[in-house]
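A short write-up of the structure that comes next.
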Amino acid sequence: MTSATRFELPLAKAEYLLTYATAPGIGDDKQNFWCLEMGFESAEAIQEAILAEVSLEMLQPQGQNNFGYLYRAYIRITGPSGLSRRIRTVWIVRFDEDIARFVTAVPDRKGDL
């Protein structure tokens, strides 16, 4: 497996977390979680919060796909609302690269760290 030496979380990916909404009753409503529950108002704040908590040592291998090696890392984020949640982040290190690129972040339903 390729070892990552740094993280990359583009602002566009953080913006997706801030703005993606689903129809009522359908799960995976990122906007509801990141804005209403956690209290984030900007993609920059989400980006900074994730990058401040994740470290290369936290990456857990999860296999690979056609593009590279997949990893997850569990972090704890306290949002501007004061709510603190365990978050599962997913990253990919493309073949022949050493950058852990952000895929997604979702609240972990399994409890505390």
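Mind listing just one residue for me: the one in the range 32-54 that is without any contact (Cβ under 8 Å) to a residue 12 or more places away in the chain and either part of a loop (DSSP other than H, G, I, E, B) or among the aliphatic types (A, V, I, L, M) (or both) and, of those, farthest from residue 107 (Cα to Cα)? Before you say what the answer is, go through the steps one by one.
So in the range 32-54, the residues without any contact (Cβ under 8 Å) to a residue 12 or more places away in the chain come out as 32, 36, 48, 52.
Checking which are either part of a loop (DSSP other than H, G, I, E, B) or among the aliphatic types (A, V, I, L, M) (or both) leaves us with 36, 52.
Details: 36: 13, 52: 17 Å.
So the residue we want is 52.
When residue 52 is tested against (1) out of contact with any helix residue (DSSP H, G or I) (no Cβ under 8 Å at 6 or more places or on another chain); (2) under 14 Å from residue 34 (Cβ atoms); (3) among the aliphatic types (A, V, I, L, M), exactly one condition is not met: (2). For residue 62, the conditions (1) surrounded by 12 or more Cβ atoms within 10 Å (Cβ to Cβ); (2) at pLDDT 90 or above; (3) among the polar types (S, T, N, Q); (4) closer than 25 Å to residue 82 by Cα all hold with the exception of (4). With respect to the conditions (1) farther than 22 Å from residue 3 by Cα; (2) touching a residue at least 12 places away in the same chain (Cβ under 8 Å); (3) of a type in the set (Asp, Glu), residue 96 lacks only one, and its number is (1). Taking residues in the range 56-83 that are polar (S, T, N, Q), and partners anywhere that are part of a helix (DSSP H, G or I), the pairs with Cβ atoms closer than 8 Å and at least 6 places apart or on different chains are 81/37. Exactly one residue out of 75, 26 is surrounded by 14 or more Cβ atoms within 10 Å (Cβ to Cβ) and either in a loop (DSSP other than H, G, I, E, B) or modelled with pLDDT of 95 or more (or both), and it is 75.
Being in a helix (DSSP H, G or I), more than 13 Å from residue 14 (Cα to Cα) and either modelled with pLDDT of 95 or more or among the hydrophobic types (A, V, I, L, M, F, W, C) (or both) is the requirement here; does residue 70 meet it? No; evaluated as a whole, the condition is false for this residue.
The values are calculated or read from the model by the stated rules, or taken from the named source; none is laboratory data. Since the model is a prediction, treat every value here as computed from it, not as a measurement. Backbone-built Cβ (ideal geometry, glycine too); neighbour counts: all protein chains shown.
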